[in-house]
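What follows is a short report on a single structure.
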Amino acid sequence: MTTKANAPGGTSAAGLRGVAAATSSISDVNGEEGELIYQGYNIHDLAEHSTFEEVIFLLWNKRLPGSSELSELERSIRDAYEVPSEVIALIKQFPREADPIDVLRTAVSALEFYDNDARNLRREVSVKTAIKLTAQFPTLVAAADRIRRGLEPIKPDPNLNIAANFLYQLKGERPSEHDAHIFDVCLILHADHELNASTFTARVVAGTLADMYASVTAAIGALSGPLHGGANTNVMKTLLEIGSSENVEPYIKKALAEKRKIMGFGHAVYRTEDPRATHLRKFSKEMGKAAGDSKWYEMSRKIEEVIMREKGLFPNVDFFSASTYYMMGIPLDLYTPIFAVSRISGWTGHILEQYADNKLIRPRAEYVGGRDVPYVTIDKR
Ligand code: COA
């Protein structure tokens, strides 16, 4: 019998593991070596020397910018920070208890109504749409958080970069240079990760030639799940539930015995340390030290040790980002929207790449249902 799995060129893999579903120059993950590159540049070099804005340019243009190109991009992003007042008014109508990632998804979808160029998919116009989306994600996340707390949104400050402006809009005071820098590097680390679930979603939607707003709205939906971007919030919930270093070992052992997954561990591609976790572990330590409260870092280290011993699993990007954000005073349920504040750069990069050489993404399913089933009319069933 010919199945699609053994038909010429056909393949079938649960969860599409190991299947290359697109060609891309944006980023590559080497799971065996624990390497991540953006357009050829090692993530460690970018984390050490670059800025989020420079990385955005890199993801969209396949090369690092010259200084005037970088200034121009920074200026256009800052000029686009403000979101249409209608969308802020809309957020004010949402239930206070709505999950911030769902608020972001709905608000981003609504942004499309106020962009007359939304349906224009030419590269020059799409880059402008990508700038607007990248500039406005942080504004939406911060505004939605303030609105649910009964506060007025803070106007964006065009003198600040994306990282500092986000923290400013969230808290109403300018962040320290230290926090702004760490947050900037966090944005670099989360910017792109090859064909993860949300990026694949964005490309599938863009592949129908739907506009960028539709594509990233769908991507936010994919990101929101606990097996993807939702893991970081759950990591912090686990830390709080465990509560103390002494409780780590019994808690983790019990959870593993009950076959529960520990959030922030394991990865679909990495078989060794996730290179992003290397930086985030350091930040978690630094943030704890700066605040004079290393409890969450110490507990995280202990969890890491127990899970390595018991299961041989490494922490992923979400594990140490949780305690890093917690020490920055960021509410737990904003961790996933913050992931989106960074990942919008990669999503839009992939959408631009998809538009530039589009082919509708339409895989086949391996049919496992019956065949030639005789139809029985309803009165005989
Ligand atoms: N805690 C406990 N066990 C885990 C685990 C975790 N976080 N992640 C994987 N495992 C175990 C699985 O139970 C399975 O064990 P088994 O072979 O005894 O059944 C084995 O490791 C392989 O796991 P599997 O879920 O098949 O790997 P995957 O490649 O399909 O899944 C993830 C990858 C990320 C979905 C998975 O590791 C996970 O659910 N992690 C927690 C959520 C998370 O942190 N997501 C963020 C990813 S960046």
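The values are calculated or read from the model by the stated rules, or taken from the named source; none is laboratory data. None of these values were measured; they are calculated from a predicted model. Ideal geometry is used to build each Cβ from the backbone, glycine not excepted, and the neighbour counts take in all protein chains shown. The protein model used for the area step is the full one, side chains on, heavy atoms only, and it has no ligands, DNA or RNA in it. Shrake-Rupley method; radii C 1.70, N 1.55, O 1.52, S 1.80 Å.
Quick notes
- Stretching S176 away from L256 to a fully extended chain increases their span by 24.8 nm, per 0.36 nm per residue minus the current alpha-carbon distance.
- Using the rule -39500 (n - 2.57) for each DSSP H run of four or more residues, divided by the residues of the chain, the 222 nm mean residue ellipticity is -17500 deg cm²/dmol.
- For segment 98-141, the set of trypsin sites (Lys or Arg not before Pro) satisfying both a DSSP loop assignment and a count of at most 13 other C-beta atoms within 10 Å is given as R122.
- Residue order by solvent-accessible surface for Y38, Y355 is Y355, Y38, largest first, with ligands and nucleic acids left out and a 1.4 Å probe.
- Of the accessible area of segment 231-327, computed with a 1.4 Å probe over protein heavy atoms only, carbon and sulfur atoms account for 51 percent.
- Rolling a 1.4 Å probe over the heavy atoms of the protein chains gives the chain an accessible area of 48 Å² per residue.
- Using Cβ point charges alone (K and R +1, D and E -1), the dipole size of segment 200-347 about the Cα centre works out to roughly 280 debye.
- Accessible-area value, S198, 1.4 Å probe, nucleic acids and ligands omitted, Å²: 0 Å²
- Whole-Å distance, taken between Cα centres, linking segment 130-201 and segment 326-348: 7 Å
- Taking each of K128/K237; K62/K285; K92/K132; K261/K289 in turn, the alpha-carbon distance tops 26 angstrom for K128/K237; K62/K285; K261/K289.
- Modelled this way, with points 7 Å down the Cα-to-C-beta line, the labels at Q93 and A21 are 3.4 nm from one another.
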